[in-house]
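The values are calculated or read from the model by the stated rules, or taken from the named source; none is laboratory data. Here the structure is a predicted model, which is why all the values come from computation and not from measurement. Because the Cβ atoms are built from the backbone with ideal geometry, glycine has one as well, and the counts that use them run over all protein chains shown. Surface accessibility is based on the protein's heavy atoms, side chains included, excluding ligands, DNA and RNA. Shrake-Rupley method; radii C 1.70, N 1.55, O 1.52, S 1.80 Å.
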Amino acid sequence: MSAFSAIVGQTVSASFRAGGGALTGLLFFLTVVSVFPFGVGPDLNLLSRIGPAVLWIGVLLSLLLGLDRLFGQDREDGALELIMVSGEPMAVYVFARACGYWLAHGLPIVLAAPVLGLILNLTPLALGAVTLTLLAGSPALAMIGAVGGALTAGLARGGMLAAILVLPLSVPVLIFGVAAVNGALADPDPFLAPFLILTAFTLFSSVLAPIAGAAALRLGLD
Amino acid sequence: MPSQDFFPAVHVAAEALACERGGRPIFHGVSFELSGGEVLAIVGPNGAGKSSLLRVVAGLLHPAGGQVRISAGDAEEGKLHFLAYGDGLRSVFTVEENLKLWSKLYGGAADAGSIHDALEEVGLAHAMHLAARALSTGQRRRAGLARLLLSRRPVWLLDEPTSGLDKDGEAILGAMMSAHLAAGGAILAATHLALPVPPTRTMELI
Amino acid sequence: MGAISSLANPTRFLSWSSRLLPIVSVLAAVTLAVGLYLALVASPADYQQGDSVRIMYVHVPASYLAMMCYVVMAAAALGTLVWRHPLADASARAAAPIGAAFTFLALFTGSVWGKPMWGTWWVWDARLTSVLVLFIMYLGLIALWRAFDDPTRGARVAAVLILVGFINIPIIKFSVDWWNTLHQPASIVRMDGPTIDPSMLWPLLVMIAAFTLVFLALHLAAIRAEIYRRRARTTEIMIAARPASTAARSVAASPAGVPPQAAG
């Protein structure tokens, strides 16, 4: 447990120091969302209709930014070997890194989402729904991202490759995240069912991703 | 330095180890035994597989054949220390923060006092609160040695332990190795230089 | 020792596959010819769709193989991770481009078929969309393999991704179905609704058999190529390693310490 919290703490603290990507990720999120209206036009009705999806896609993209450093740095400086030799299960390490990544990169973005929702003309209900679904679903994105980071750790331009590998795997999370927001807004569509499925994705990926990531890291060292 | 208890019944046995990297056989049929209080030096030319052998023993590489058994009393996990080129120091963190993380992962002493004592022993106490990026190569090696002091583990796997160390550093390493052997620990060292402590046995890889 | 025993199986594979490959290739060609004749000439045109229904005879087998190929890869990935079998590595890696090609064929024929049926080249239909995601995953896998310069390590890491994808593909399919029913009120004419007439079923079954044989022939040939590629690589490494190690050994042996000239 102390090893777990130590790695989570180190991940969070490294993300906010020089060279850490947490603030860059947040800035990227702001930029992506505010660039959208330039593409689709300033029509507020249209923006409020696609707003939840824009915020979700913004979070999805922002969470890709730090993946190359998530395990790549440990791979380069020998920390990965030391962790393997320590006898601490690799899956615990991967889970701890992914949790730290979500806390440092995911949570600030999720908290910024309702603020940005204002410039997309979202109603208060929509703001609440987007924030709630992001809170429930973005951990799954961090977990899936961790698998991508583990698969490409130590590769040149691994971050770009990780993004390509992670995006198709993230499609279900995106679908149910946006579906739950729309369910909360438009009456005929359900909210609870997609929201529960979204939560299930988070729980499921929290189990599967550490196992897969640990296997990828171990095999990548071999 | 933490308590000077004696490590119980330390034994490392490798049987007919074979290793392959990227489709190329590196070595095969490597067997050795190592008990507490002994140093086994692995020597050989570049590319003979000294580091690979150490990594196989550490469990980092899957052997193409053979097996390694490591026993130390009734300890199940956490029997090994691994010191190699990669020191696992994050440059944005202080030396203390770095060592603290490794102590927690290795189940060692993580309080400031123990870390200070360990750094004192390797001659790095003055740099305890400095960011690791300020350290020179030799100082990074010494920080790695401090990691070994903080958590007591019976078997040390050292890959080129003297590289990057000056005369003083070598003396510190020698004192550490002697103390570890006296406490019943075992050392497996891959090196192409002379070790500060005369090895009990030497194995040559060709 | 390890190297020899692991080479033994690929060697046996090379010998039996060299005898099997011509037979499978001829069978595939004959079945494909018969199937194409049945599908394009002998079978009737659809009373609603006219001749464009004949695209089905390529589209359906291609879609089936797009998925089948992934199943083969998942089985091979298991072989790589559990038994570290070198033939499994080669099999998975050889299957990926073939799977990507069949997936592309399925997308392409689906799109061509969609034009007369839906009046547009692309519809975000649940099936087309899941197949598109599958296609991207195939390409991602190929990119991952290519990123590793050590094929053995690349194969093992890629095997993890194959298995993650294998668990994920049904989830993606389920999600896309949900997404589709949410966004597109059932207005699309689906082919699989009514029962298919035997005069069309038979040509379709023959085409499915033909495509499976084509896949088998391509896969065997690709595995052989992959094995040869690895042998070429190993040979290169061995040749590169030889002079250095001979030199090192002779230095160690010569008492005077005069380094002899490295051979070659």
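Things worth noting here:
- Centroid-to-centroid separation of the range B:131-161 and the range B:36-102 [C-alpha atoms, Å]: 12 Å
- Summary: within chain B, the longest segment free of GluC sites (Glu not before Pro) located in DSSP loops with at most 13 other C-beta atoms within 10 Å is B:78-206.
- Averaged over the residues of peptide B:80-92, the number of Cβ atoms from other protein chains lying within 10 Å of each residue's Cβ is 5.
- Loop chymotrypsin sites (Phe, Trp or Tyr not before Pro), the range C:86-133, which have at most 13 other Cβ atoms in a 10 Å radius of their Cβ (DSSP): C:121, C:124
- Proximal aspartates and glutamates relative to residue B:50, as straight alpha-carbon distance under 15 Å, when same-chain residues fewer than 8 apart are discounted: B:20, B:159, B:160, B:204
- Based on alpha carbons, the Rg and Dmax found for chain A are 17.7, 58 Å.
- Net +/- balance of residues flanking residue A:104 in space, Cβ distance below 14 Å, scoring K and R +1, D and E -1: +3
- All lysines inside 19 Å of residue B:104 as judged from Cα atoms, apart from same-chain residues fewer than 8 positions distant: B:79
- Label-point gap, in nm, between residue A:192 and residue B:133 - each point 7 angstrom along Cα→Cβ: 5.3 nm
- Segments A:184-193, A:81-90, A:111-120 sorted - mean Cβ within 10 Å per residue, highest first: A:81-90, A:111-120, A:184-193
- For chain A: accessible area per residue (Å², 1.4 Å): 36 Å²
- Rg(Cα) / (2.2 N^0.38 Å) computed for the range B:87-152, rounded to two decimals: 0.93
- For peptide A:168-178, the mean count of partner chain Cβ atoms within 10 Å of a residue's Cβ comes to 6.
- With every protein chain in place, the protein assembly as shown: carbon and sulfur % of accessible area (1.4 Å): 66 percent
- Hull-based mean projected area of the range A:138-205, where the convex hull spans the alpha carbons, in square nanometres: 4.6 nm²
- Shielded by partner chains, the range A:1-25 residues - at least 20 Å² of accessible area, 1.4 Å probe, vs chain alone: A:2, A:3, A:6, A:7, A:10, A:14, A:17, A:18
- Volume of the convex hull of the protein assembly as shown (Cα atoms only), normalised per residue: 186 Å³.
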